[in-house]
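Before any comments, here is the structure.
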Amino acid sequence: MIAEVNGLVKKYPSFTLSDVSFSLDRGRITGFIGRNGAGKTTTIKSMLNLVRPDSGKVSFFGLPLSGHEAEIKQRIGYSSGTISWYPRKKIRDIVRSVKSFYEAWDDTAYRRYRDLFAIDEAKTPLQLSEGMKVKLNLLLALSHKAEVLILDEPTSGLDPFSRNELLEIFADLKNEGVAVFFSTHIISDIEKCADDILYISRGRIAAAATKEDFVRQYSEEGETLEDTMLRMEGGAAHA
Amino acid sequence: MRKLLRKEMRLAASPLSYLFTAFGLMFLVPGYPILCGAFFVTLGLFQSFQAAREANDIVFSALLPVAKKDVVKGKYLFVCLIEACGLILMTASVLLRMTVFSGSAVYRSNALMNANFFALAAACVIFGLFNLIFVGGFFKTAYKFARPFVIYIIVCFLVILAAEALHHVPGLEMLNAFGTDRLGLQLGLLAAGIILFLLFTLLSCRKACKRFERIDL
């Protein structure tokens with residue numbers, strides 16, 4: 001087990017994340033699915049100590065996040081969709097600064113992904129499209145030999161070709177033993193590459209299983225994964 | 001911490017923070033409330049907080065492989081560095097007025113407070129108050145800064161007013177000592193100013209670290 005989330009609770013005035021528990025393993029891709037506002041980002045932010053949960057524990061590599069934050073963050077990569085950092089700074093300068101923090105920064109991997117994503121370092125994030133911002137965030141997450149990748153909506157805003165490329169990168173990383181954890185509301189992404197499915201609905205983990213077990217347990221005859229998820233979510237909404 | 005300071009300087013800082021340290025040279029201006037120079041240095045720092053907020057700097061920093069509280073310490077370190085630069089220029093100005101320009105008529109007939117070590121002590125107190133009220137106040141939320149800045153401005157100008165007025169109070173004339181007059185007293189006051197700066201900054205930083213740990217970003 002490479003990461004473990006145990007009994008995470010976070011209460012907001014209009015939303016509660018209730019008793020979220022799951023684990024991530026090396027060389028597995030976990031798709032974290034749920035509709036907008038289901039609690040995906042709150043869970044991810046809690047895993048990164050950006051949000052302070054009311055209760056629950058997060059650990060990576062057998063170490064509790066609390067007290068080992070810097071050490072753990074050296075070994076994990078995080079990407080946050082379309083958020084743009086320092087919109088008016090040159091990408092080259094942002095990268096140079098980020099690079100100095102990581103002991104395991106890999107220039108070869110950096111150049112490979114930079115070329116693959118066609119990112120021009122002379123530009124500023126302000127000059128990038130939404131899709132390219134996603135790619136820039138991914139580039140930073142992929143360039144320091146992370147053992148766990150935590151990606152919040154990494155495919156949103158990407159064109160179908162780039163999405164496909166990214167899912168292929170996930171498969172390569174998985175083969176290298178990296179644990180990939182990505183949130184999405186695009187079910188076909190999960191269908192294409194996830195080994196495990198973590199389904200969150202209204203702040204609770206509604207299902208956690210391997211993709212095969214998920215289909216066996218929850219899908220009805222002739223249903224696609226998308227049909228199953230829509231039915232489950234519809235049921236939850238009417239519950 | 002060195003890496004965080006470099007990140008602050010390269011990515012988060014507004015160029016105005018560097019430029020406004022030059023207001024430390026206002027200590028050379030005769031017939032002017034010289035402590036406004038200290039306020040302008042902090043005004044430049046305020047621009048960096050504004051720029052950092054627009055650039056999502058706090059969340060970016062919290063995602064780096066550092067402990068969450070180190071993000072706060074990095075910010076304080078940058079603030080102290082800029083304040084130190086301002087203070088160096090103020091000290092150079094004070095020393096020039098005490099020595100090379102000690103015979104200058106415009107400085108001798110100065111209507112407002114003299115540039116002496118007491119003035120430097122007051123500048124240290126102003127910087128300490130900026131750290132205590134504004135920087136500490138900012139880290140209550142890590143994004144709201146209008147209220148702490150307004151409170152700081154009011155307090156800062158009350159301090160400037162008090163520093164300018166004190167030497168008119170009977171018995172406190174020595175606060176406005178010219179050149180090297182009453183040097184022992186002046187140095188003692190400077191030491192007190194530095195101690196207050198350190199006290200305000202350390203108290204504020206410690207509290208901000210604790211608060212920041214509890215903030216949801």
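The values are calculated or read from the model by the stated rules, or taken from the named source; none is laboratory data. Here the structure is a predicted model, which means the values were calculated and not measured. All Cβ positions, even for glycine, are placed from backbone atoms using ideal geometry, and neighbour counts span all protein chains on display. Ligands, DNA and RNA are excluded from the accessible area calculation, which covers all protein heavy atoms including side chains. Shrake-Rupley method; radii C 1.70, N 1.55, O 1.52, S 1.80 Å.
Observations on the structure shown:
- Long-range amide H partners of A:Ser66 with built H, under 5 Å: A:Val58
- 3J(HN,Hα) from dihedral phi, segment A:153-169, Karplus parametrisation 6.51/-1.76/1.60, rounded to Hz, x for glycine, proline: 6, x, 9, 6, x, 8, 6, x, 5, 5, 4, 4, 4, 5, 5, 5, 4
- Mean partner shielding of peptide B:5-12, defined as the number of other chain Cβ atoms within 10 Å of each residue Cβ, is 4.
- From the Kirkwood radius over Cα pairs of chain B, Stokes-Einstein at 25 °C and 0.890 mPa s returns a whole-number translational diffusion coefficient of 137 µm²/s.
- Inter-probe distance in nm under a simple model that places probes 7 Å from Cα toward Cβ, at A:Thr210 and B:Leu95: 7.4
- Segment A:143-150 - phi-based ³J(HN,Hα) in whole Hz, Karplus 6.51/-1.76/1.60, Gly and Pro as x: 9, 10, 6, 5, 8, 10, 10, 10
- Selection from B:Ala191, B:Cys36, B:Cys205 lying farthest towards where the dipole of segment B:2-214 points positive, charges on Cβ: B:Cys205
- Contour minus Cα-Cα distance for A:Ser18 and A:Asp172 (0.36 nm per residue): 52.1 nm
- Alpha-carbon centroids, segment B:195-217 and segment B:14-80: separation in whole Å: 16
- Between helix A:107-116 and chain A: long-axis angle, C-alpha atoms, 0 to 90°, nearest 10: 70
- Given +1 at the Cβ of Lys and Arg, -1 at the Cβ of Asp and Glu and no other charges, the dipole of segment A:141-239 around its Cα centre is 340 debye to the nearest 20.
- Chains B and A, summed buried accessible surface - 1.4 Å probe, Å², nearest 100: 2500
- The helix-based estimate of mean residue ellipticity at 222 nm for chain B, built from -39,500 (n - 2.57) per DSSP H run of four or more residues and divided by its residue count, is -21000 deg cm²/dmol to the nearest 500.
- The H on the amide N of A:Leu149, modeled in the peptide plane, is under 5 Å from the matching H of A:Gly77, A:Ala179, A:Val180, A:Phe181, each at least 5 residues off or on a different chain.
- Counting Cβ atoms of other protein chains within 10 Å of each residue's Cβ and taking the mean over peptide B:53-61 gives 4.
- Among B:Asn116, B:Val71, B:Ser14 - extreme Cα towards positive end, dipole of segment B:2-214, charges at beta-carbon: B:Val71
- Overall form of segment A:22-64 per C-alpha gyration tensor (a/c, 1.5; a/b vs b/c): oblate
- Cα centre as origin, Lys/Arg/Asp/Glu Cβ charges: chain A dipole, Debye: 1120
- Computed 3J(HN,Hα) for segment A:61-73, one whole-Hz value per residue from the Karplus formula 6.51 cos²θ - 1.76 cosθ + 1.60 where θ = phi - 60°, is 6, x, 10, x, 4, 5, x, 10, 4, 5, 4, 5, 5, glycine and proline marked x.
- Counting only other chain Cβ atoms within 10 Å of each residue's Cβ, the peptide B:63-74 averages 5.
- Using the Stokes-Einstein relation with a Kirkwood hydrodynamic radius computed over Cα pairs, the translational diffusion coefficient of segment A:22-124 at 37 °C and a viscosity of 0.692 mPa s comes to 201 µm²/s.
- Over the residues of chain A, the helix contribution to mean residue ellipticity at 222 nm works out to -11000 deg cm²/dmol, using -39500 (n - 2.57) for each DSSP H run of at least 4.
- Computed about the Cα centre, the dipole magnitude for the protein assembly as shown is approximately 1660 debye when only Lys and Arg (+1) and Asp and Glu (-1) carry charge, each at its Cβ.
- Build a GNM of chain A with springs between Cα atoms under 10 Å apart, and of A:Ser46, A:Ser21, A:Ser129 the one that fluctuates most is A:Ser129.
- The overall shape of chain A is prolate: from the C-alpha gyration tensor, with semi-axes ordered a ≥ b ≥ c, the ratio a/c is 1.5 or greater and a/b exceeds b/c.
- Under conditions of 4 °C and 1.567 mPa s, segment B:150-205 yields 100 µm² s⁻¹ as its translational diffusion coefficient, taking Rh as the Kirkwood radius over Cα pairs in the Stokes-Einstein equation.
- Near A:Ala3, the amide H atoms lying under 5 Å from its own belong to A:Leu24, A:Phe61; only residues 5 or more places off or on other chains count, and H is placed 1.01 Å from N.
- Global form of segment A:103-239, assessed from the alpha-carbon gyration tensor, a/c cut-off 1.5: prolate
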